[in-house]
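All remarks here apply to the structure that follows.
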2 protein chains.
Amino acid sequence: MTIPDALAELSTLLGDRLSRSKSDLDLHGRSETHFAPTPPDAVAYPETTEEVQALARICARHGCPMVGWGAGTSLEGHGLAVRGGVVVDFARMNAVLEVNASDMDCRVQPGITREALNTELRATGLFFPVDPGANASLGGMAATRASGTTAVRYGTMRDNVLGMKVVLADGRVIRTGSRARKSSAGYDLTGLMVGSEGTLGLVTELTLRLYGQPEAISSAICAFPDMGSAVDAVIATIQMCVPMARIEFVDQATVEVFNAAAGADLPAAPHLMVEFHGSDASVAEDARRFGEIAGEFGATGFRWATLAEERNKLWKMRHDAYWSILQSRPGATAIVTDICVPLSKLAEAVEETRADIAGSFIPGPILGHVGDGNFHAILMARRDSAEEMDEAKRLSGRLADRALRLGGTVTGEHGIGMGKLGYMEREHGAGWSVMGDIKRALDPQDLMNPGKLVPPA
Amino acid sequence: MTIPDALAELSTLLGDRLSRSKSDLDLHGRSETHFAPTPPDAVAYPETTEEVQALARICARHGCPMVGWGAGTSLEGHGLAVRGGVVVDFARMNAVLEVNASDMDCRVQPGITREALNTELRATGLFFPVDPGANASLGGMAATRASGTTAVRYGTMRDNVLGMKVVLADGRVIRTGSRARKSSAGYDLTGLMVGSEGTLGLVTELTLRLYGQPEAISSAICAFPDMGSAVDAVIATIQMCVPMARIEFVDQATVEVFNAAAGADLPAAPHLMVEFHGSDASVAEDARRFGEIAGEFGATGFRWATLAEERNKLWKMRHDAYWSILQSRPGATAIVTDICVPLSKLAEAVEETRADIAGSFIPGPILGHVGDGNFHAILMARRDSAEEMDEAKRLSGRLADRALRLGGTVTGEHGIGMGKLGYMEREHGAGWSVMGDIKRALDPQDLMNPGKLVPPA
């Protein structure tokens, strides 16, 4: 009962789709942020649910950890095999299995990325709206309960996964949910699996809610005299019920990165980026109302983008922000924060964070999905400087404290992974022990992504 | 370690708020539908979370079942203490604890009813939209994952409970969720508790999402030449993205009951009842578009209600439908069905059900929240006729089969309770055993509403 025994059997099961090459192990041992590389013992590339089930049974028999892998874009090291074992890469399970246009849903395999899915959906007039920025896999997005720029309008993965097929630690395969839009038939296992970060099972299929491609889309960016005015404009816009599809805050430091990295020529000031979806008439009306509200808070320099090309350029800049920011400080690694607070506390949370970072010796541009009360400070520390790493962690800890003090959460959309485990007890109290109870009930050997999310055994 | 030992200690804890009067036991031993009366051993009326916690500890020590009770409006006998023990009636925990107008949320105790909550909210400009018809308690609505007429616009209890305080079987008190609008911090315990029917814990507080009271509301009822046209009109309206707040189907038999019971003078035909929420302009535009679409499917006899009084009359008739239908057949009891299917299968499901009932010897008016794919047949059998009861159960079973064959669920909003337990294995397969695993992990003695929802131990 050892990992090598498991690998021997897995090799028989999967042939050359069980890889032990150094390059593969290295590729699946790294993360997008500051966590130390942790190569697994092997990487499996299953092609069917049945193979994943067989894999789980072999791993269960030999006590071998199993860690799901999508596109590797997690910011909290979710895919790191910290206790060794096999990383299960869903790259070969990336098909769209079924599109039900009249019910506006589809069934996909977990390895498909959101961009590939939307490319396949283009001709149907439908799209999948959840947009975390990175071209993440749908399985990974479900595992981390991802959201991003469009959650203010379309919700998060919690709202948009209707059902799943999941292989459990003991090899049971379950189907959760149904294609009905609602159900009261027992515990919401879909909701339990979404956000469980691979600790309860390996997802092999997802049924997703789709939406009609909007008839008209209009995007804009505008500058504000200061951070507080921008945040207050967001709150006023939400309270006036202007239906935004996106409303993003970027601070002056982020704008300076945009200017340098993407050749933008934006004024050095905090900005909001917005988008409206609807009919030609409704989009024009929404844009007019937003312009009026923003104007009251001092917004200037509106740039509107209605053509697809202009819009894509605008949002590409936003989506690349993490990478552009990171590259703006050579040699730095990122500690990414992700707090989410009630909207009434957002101005306070952003302002305190700004002051904290202003008083620090490391940079930390701030940007976020402010319509949800969610924002990120990208704290950049030189990896070889213990002093800078400590400072980034100190600031990150203060952000977490702030979120909890203000009635919010330490992670709005990135998940726990390696980086936020230390805050779970404070956020959830006894609720964290309940998560541990559920984990032990479904995975008593602690083989599904061990070392993540629940209290240490 | 017996129930009497528990009751002795509970009596010391609660004084005369532990009732053993025959009238109280009878009142808490009955249900709204056909289930046999099952009086509990006692009824407790706690006033604080701390008392519920003390109660749970006493019950756990003595192996005494605990069954939560709200307004007693469940249609599936959720509150029946089928293994004896204590019914925990939340009548004295019915306060609004906090309203955060700027965040559009509130914190309430579980015993408050939805009408009482909306009365308290009136002056704030906000409202809680979930409307199952009956004046249910919010705790009960959360327990059954209730929805009703407005789910097509505002979602179900799954979408509108942001957090909870829950007393577990072992006396642990947990807070789930936060006041942030989204979170990726671990398992979604709020989502797990919503719909768990009191089998995992006793909810003592709920944080709810609120909405702005619409500036304008417009309701209407119109007739269709046949059931299929009405259902097709609903599907077309949804696909054209007309934003409806309510869209309800009532068949000819229901309309005849409306005419007799509520003094309506509607033509003997299937009808749709609709409502639009928004600005004056948007409501007028939505109503115009709906009128156009419905007209294409043969709708006639539109009656619009824009004044509050007219609207209230219309929806009171709909909300009273269950009682009016039941009273239309003296001596009958109801077996209420509640299937929910993908919208593309709705016409087929309704038409097959209609044909089934037409070929039967008991009546079964059909009505439902068709915008969600959810509808009810109220199967009326004389309680003293074994033949009629068997026939009702046969029809109900065929409805369940139909739902599952069409990719749906046996219960869209009423829950499992006593009535749908027999379908759980077929709907969920191995997923039902996972529900059992979770139940055992959190309630190993099976004391929280035993005999419901999960597989028998």
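A short reminder: the numbers here are calculations on the coordinates, not readings from a lab. Everything quoted here is computed from the prediction, not taken from an experiment. Positions of Cβ are generated from backbone atoms using ideal geometry, with glycine treated the same way; all protein chains shown enter the neighbour counts.
How many nm separate the modelled label positions at residue B:313 and residue A:361, each set 7 Å beyond the Cα in the direction of the Cβ?
Reported label-point gap for residue B:313 and residue A:361 is 7.8 nm.
For residue B:304, place a label point 7 Å out from Cα along the Cα→Cβ vector, do the same in each other copy, and report the separations in nm, one decimal, smallest first.
Residue B:304 label point versus its equivalents elsewhere: 3.1 nm.
From the label point of residue A:385, set 7 Å from Cα along Cα→Cβ, how far away are the matching label points in the other copies, in nm, ordered shortest to longest?
The projected label point of residue A:385 is separated from its counterparts by 8.6 nm.
For segment A:327-457, what is the convex hull volume of the alpha-carbon atoms per residue, in Å³?
Looking at segment A:327-457, the number lands at 123 Å³ per residue.
So what's the angle, to the nearest 10 degrees on a 0 to 90 scale, between helix B:308-319 and the longest Cα principal axis of chain B?
70
So if I place +1 on the C-beta of Lys and Arg and -1 on the C-beta of Asp and Glu, and nothing else carries charge, what would the dipole magnitude of chain A be about its Cα centre? I want it in debye, nearest 20.
That gives a dipole near 740 debye.
Take A:23, A:229 and order them by how many other Cβ atoms sit within 10 Å, fewest up front.
A:23, A:229
Round to a whole angstrom and tell me the spacing of the C-alpha centers of segment B:1-68 and segment A:186-234.
43
Output the 0 to 90 degree angle, nearest 10, between the alpha-carbon long axis of helix B:430-442 and the longest principal axis computed from the alpha carbons of chain B.
The angle comes out at about 40 degrees.
Shortest first and in nm with one decimal, please list how far the residue A:457 label point sits from its counterparts in the other copies (point 7 Å along Cα→Cβ).
Those label-point separations list as 2.5 nm.
Just need the relative contact order of chain A here, percent rounded to a whole number, with Cα pairs under 8 Å and 6+ apart.
16
Compute the distance from the alpha-carbon center of segment A:132-146 to that of segment B:115-159, in whole Å.
Rounded to whole Å, the Cα centres lie 31 Å apart.
List the Cys residues of chain A that have no partner Cys with a C-beta closer than 4.7 Å.
A:106, A:222, A:241, A:340
Mind scanning A:439/B:420; B:393/B:439; B:345/B:420; B:316/B:452 and naming the pairs with a C-alpha gap bigger than 25 Å?
Flagged as over cut-off: A:439/B:420; B:393/B:439; B:316/B:452.
Treat the count of other C-beta atoms within 10 Å as a stand-in for reagent exposure and order B:41, B:280 from fewest to most.
B:280, B:41
Relative to the longest principal Cα axis of chain B, at what angle does helix B:280-296 sit, 0 to 90 degrees, rounded to 10?
Between the helix axis and the principal axis of chain B, the angle is about 70 degrees.
Tell me the trypsin sites (Lys or Arg not before Pro) within segment A:1-80 that lie in a loop according to DSSP and have at most 14 other beta-carbon atoms within 10 Å.
A:20
If one computes the Cα centroid of segment A:314-358 and of segment B:386-412, what distance in Å separates the two points?
For segment A:314-358 versus segment B:386-412, the Cα centre distance is 53 Å.
Local charge sum around residue A:134 (other residues, Cβ-Cβ under 14 Å, Lys/Arg +1, Asp/Glu -1)?
-4
For the residues A:127, B:249, what sequence is obtained by ranking on other C-beta atoms within 10 Å, fewest first?
Fewest-to-most ranking of A:127, B:249: A:127, B:249.
Based on the Cβ-Cβ distance of residue A:170 and residue A:16, what FRET efficiency does E = 1/(1 + (r/R0)^6) give at R0 = 25 Å, to the nearest 0.05?
0.35
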